[in-house]
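Worksheet: one structure, shown below.
The values are calculated or read from the model by the stated rules, or taken from the named source; none is laboratory data. On a predicted model such as this, the values are computed, not experimentally measured, just so you know. Neighbour counts are summed over all protein chains in view; Cβ atoms, including those assigned to glycine, are modelled from backbone coordinates with ideal geometry. For the accessible areas, the whole protein counts, side chains as well, though only heavy atoms, and no ligand, DNA or RNA atoms are used. Shrake-Rupley method; radii C 1.70, N 1.55, O 1.52, S 1.80 Å.
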Amino acid sequence: MPFELPSLPFDSSALEPYISAQTLAFHHGKHHQAYITNLNALIKETEFENDTLEEIIEFTANQIDKASIFNNAAQVYNHSFFWNCLTPNSTKDIPDGAFKTAVPESFSTPEDFKETLKKAALTQFGSGWAWVIKDKEKIDIIKTSNADTPIAHHLKPLFTIDVWEHAYYLDYQNKRPEYVENILDHLINWDFVEKNFSLI
Ligand code: MN3
């Protein structure tokens, strides 16, 4: 079965004023859709045609002759994951749960956790992603370039911020820090973070 664009888990205007419906129309409706359309065309009648997205990413990682398939598959995965990381019903503080309990093992304070994540998002040079991952039982923060994704490195993602310019340019132009701060303060889906932390 060809891959299909998943619906957004919220109304397209639900994240305003932090992420506009116009941005989502392009980011989800055009960019994410294009990765899916490209991936379906690239794997048609190949050995990957019946594989899961995760299998395609694993099998094509670090293979120069499979870079187009990897890039599109990883971007499909990253965007589907990213939409689930966002909610209009966020809270500024981390809610009680296993994730919150684990924060002090890696960070001095919850503010230190957010500052470290913000720094990763702001220092990713050019296109890419900032990630919260689970490494054994501990929380860690990494960044990846372009389409690269933690699952290609056998790391378990808990949360991500897309820092490609297409994610924020219509709303923020060059002001990546404001975009990142608004996600951190207003849009984190802590239930998704907690679910990922508890399940994996
Ligand atoms: Mn994007």
Original post:
Roughly how many Å² of K66 are accessible to a 1.4 Å probe, to the nearest 10?
Top reply: 40 Å²
Original post:
Charges only on Cβ, +1 for Lys and Arg, -1 for Asp and Glu: so what's the dipole of the chain about the Cα centre, in debye to the nearest 20?
Top reply: 320 debye
Original post:
Once both axes come from the Cα atoms, what is the angle between helix 67-85 and the longest principal axis of the chain, in degrees from 0 to 90, rounded to 10?
Top reply: 40 degrees
Original post:
Under a plain spin-label model, where a point goes 7 Å from the Cα along Cα-to-Cβ, how far apart in nm are Q33 and T91?
Top reply: 3.7 nm
Original post:
Could you give the accessible area per residue of the chain, probe 1.4 Å, as a whole number in Å²?
Top reply: 51 Å²
**OP:** Identify the GluC sites (Glu not before Pro) of region 98-200 meeting these criteria: DSSP loop state and at most 15 other C-beta atoms within 10 Å of the C-beta.
**Re:** E137
Subject >> Relative contact order %, the chain, counting alpha carbon pairs below 8 Å whose residues are six or more apart >> reply: 25 percent
**OP:** Using a 1.4 angstrom probe on heavy atoms only, work out the carbon and sulfur share of the accessible area of the chain in %.
**Re:** 51 percent
Subject >> Residues of type lysines that K114 reaches as a straight line, Cα spacing below 21 Å, ignoring anything fewer than 8 places off in the same chain >> reply: K92, K100, K134, K136, K138, K143, K156, K175, K195
Original post:
Given that compact globular proteins tend to follow 2.2 N^0.38 Å, what is the ratio of the alpha-carbon Rg of the chain to that value?
Top reply: 1.01
Original post:
Expressed as an acute angle from 0 to 90° and rounded to the nearest 10, what is the orientation of the C-alpha long axis of helix 190-199 relative to the principal long axis of the chain?
Top reply: 70 degrees
**OP:** Would you mind working out the magnitude of the charge dipole of region 121-177 relative to its Cα centre, with +1 at each Lys and Arg C-beta and -1 at each Asp and Glu C-beta, to the nearest 20 Debye?
**Re:** 160 debye
Original post:
Which loop-located GluC sites (Glu not before Pro) does region 1-104 contain, where loop means any DSSP state but H, G, I, E or B and the Cβ has at most 14 other Cβ atoms within 10 Å?
Top reply: E4, E45, E47, E49
Original post:
Roughly speaking, what is the centre-to-centre gap between region 125-200 and region 1-59 when only Cα atoms are used, to the nearest Å?
Top reply: 17 Å
